[in-house]
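Report on the following structure.
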Amino acid sequence: MEKSKSMEYLSLNLKAYRLAAKLTQEELAEKLHVSKSAVAKWETNGGIPDRDNLKRLSEVINISLDDMYRIINSINYEDVD
C-alpha cells in the first residue's frame, strides 16, 4: 500500500476507534498523557504514535496491538511521536 494511503488508513482508523470509545481528542490525550495536538497529528496523517503511546492507545481504544502494528508496518513511515 502506498505510504500516503496507509497513513490515511491509520488516521481514519484511529479517529473511528476514538469516536467509538466516545472520547474527544482532548480526553484521549489526557488518558495517554500526551497533548491534544499529538492526537490531532496522528489523526491527520502528521505522524504515528511511538511504541509506548501505541501500547497505551491500543488499551484505551480497545484495539489489539497486533492490529495496530499491522497497519503501521504497511506505512513504513519515519515521523514517529
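Figures for the structure shown
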item: Search result, residues across region 23-81 that are charged (D, E, K, R), in a loop (DSSP other than H, G, I, E, B) and modelled with pLDDT under 85; result: 78, 79, 81
item: Any chance residue 32 is touching a residue at least 12 places away in the same chain (Cβ under 8 Å), touching a helix residue (DSSP H, G or I) at 6+ places or on another chain (Cβ under 6 Å) and buried (at least 17 other Cβ atoms within 10 Å of the Cβ); result: yes
item: Considering residues of region 17-26 that are in contact with a helix residue (DSSP H, G or I) (Cβ under 9 Å, 6 or more places away or on another chain) and either aromatic (Phe, Trp, Tyr) or within 21 Å of residue 71 (Cα to Cα) (or both) only, the residue surrounded by the fewest Cβ atoms within 10 Å (Cβ to Cβ); result: 20
item: Count of residues meeting criterion [within 10 Å of the chain's Cα centre (by Cα) and of a type in the set (A, V, I, L, M)] in region 17-56; result: 5
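The values are calculated or read from the model by the stated rules, or taken from the named source; none is laboratory data. Small disclaimer: the values here were computed from a predicted structure and weren't measured. Here the Cβ is made from the backbone with ideal geometry for all residues, glycine too, and neighbour counts use every protein chain on show.
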